[in-house]
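Read-outs throughout are calculated quantities, based only on the coordinates presented, and are distinct from any laboratory measurement. Quick caveat, the model's predicted, so the values are computed rather than measured. Every residue, glycine among them, receives a Cβ derived from its backbone with ideal geometry; neighbour counts consider all protein chains shown.
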Amino acid sequence: MKNRQSMFMFGMRCVRCDHEIIAPHETELLDEKVIRHLWHCPSCKARFESFPRFPKDAKMVKEVMKSVDIFPLLNGT
C-alpha cells in the first residue's frame, strides 16, 4: 500500500514492509540537539533507528522547563 496517504502527522513507515508505525519503541536524548528513535515494526519484526534533529533556533528543554509550572497550586493555595 505504498500509495496510501498517511492519516497521521507523526510516526514512521517501516523500512522493510512499509507498515505505518505510530510511535517509536524507545527514544533517547543523545545531546542537546540530537535525539534517537528506536523503531520496532509489529508486522515484519524489523528494527531500525532514526535521528530527527531539532531546528537550529529551537530552545533547549532545560530552558523551556524552567518556564513551565508542572504542578500549579490548586485554588490559589
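At a glance:
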{"quantity": "Filtered residues of region 33-70 (kept if assigned to a loop (DSSP other than H, G, I, E, B) and touching a Lys or Arg at 6+ places or on another chain (Cβ under 8 Å))", "calculated": "K33, C41, C44, A46, F51, F54, A58"}
{"quantity": "Count - residues of region 37-77 that are surrounded by 10 or more Cβ atoms within 10 Å (Cβ to Cβ), farther than 13 Å from M12 by Cα and in contact with a strand residue (DSSP E or B) (Cβ under 7 Å, 6 or more places away or on another chain)", "calculated": "0"}
